[in-house]
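Here the structure comes first, spelled out in structure tokens, and everything after it is commentary.
The values are calculated or read from the model by the stated rules, or taken from the named source; none is laboratory data. Because the structure is a prediction, the values reported are computed rather than measured. Backbone-built Cβ (ideal geometry, glycine too); neighbour counts: all protein chains shown.
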Amino acid sequence: MRKLVVGFLMIVFSACLSLQAQRGAYVHPANLDYLAQQAEIILRGHIVSARVEPHPQFSSLQTVVVTLKVDKVIKGKADSTHTFRQFIWDLRDSADAAGYRKADELLLFLNPASEYGLTSPVGLEQGRFRIVRDAQGNAFAVNGRGNAGLFSQVQEKAATRGITFSSPVQKMMTARPEKAPLAVFEGAVRVLAGASP
């Protein structure tokens, strides 16, 4: 019984460190450089399914299991479909699968999975970007905080590591848009994540 209680407390603690886009949780503001450096996997894809279910080892813990059809991998490795399990911090998120909806297109900055198989986007809603399109079909990325603070001090921090950005990326970061043009945004992410542009 003691092992079960200790295990339960460990899973709750580890999940609290990596919660994403859920009500009742707060994390320090994170900029794009931090998101790109902390993420183990950065990918873009469409949600195939999102279902709420108990954790397989700890049945009293609710989780959401999300499966995406992967369109692009920017950092790390992922197959053509990628599934991850995220702890549900607030029970209100059980009703809407923590905001993951079938067919939505997302760009995710995922933390490494814990020993209990739990992960989440880096920085809560800051590392989960919805891809939206305007009437002309142009794609944009917007996170759960409306990209607030996303580009703050990114160019300055990158410069200390010898990183320079293309003119379109510099323009985007200076403008600090609420909806970032997807192609330019992904170019910035590739550079910050250390992948080839």
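Check whether at least one residue in the range 147-156 is closer than 14 Å to residue 42 by Cβ and in contact with a strand residue (DSSP E or B) (Cβ under 8 Å, 6 or more places away or on another chain), and report yes or no. No, that holds for no residue. Looking across 123, 144, 117, 194, one residue alone is modelled with pLDDT under 95 and surrounded by fewer than 18 Cβ atoms within 10 Å (Cβ to Cβ). It is 194. The range 83-160 holds strands (runs of 3 or more DSSP E) entirely within its bounds, and those carrying 1 or more residues that are touching a residue at least 60 places away in the same chain (Cβ under 8 Å) map to 105-110, 128-133.
When every residue of the range 18-35 is checked against the conditions, none turns out to be surrounded by 14 or more Cβ atoms within 10 Å (Cβ to Cβ), at pLDDT 95 or above, in a strand (DSSP E or B) and among the charged types (D, E, K, R).
On inspection, residue 139 qualifies as modelled with pLDDT of 95 or more and either farther than 25 Å from residue 93 by Cα or buried (at least 19 other Cβ atoms within 10 Å of the Cβ) (or both). Flag: residue 50 does not match the condition of being not acidic (Asp, Glu) and not in a strand (DSSP E or B). Just one of the numbered conditions (1) exposed (fewer than 15 other Cβ atoms within 10 Å of the Cβ); (2) in a loop (DSSP other than H, G, I, E, B); (3) modelled with pLDDT of 85 or more; (4) not aliphatic (A, V, I, L, M) is not true of residue 58: (1).
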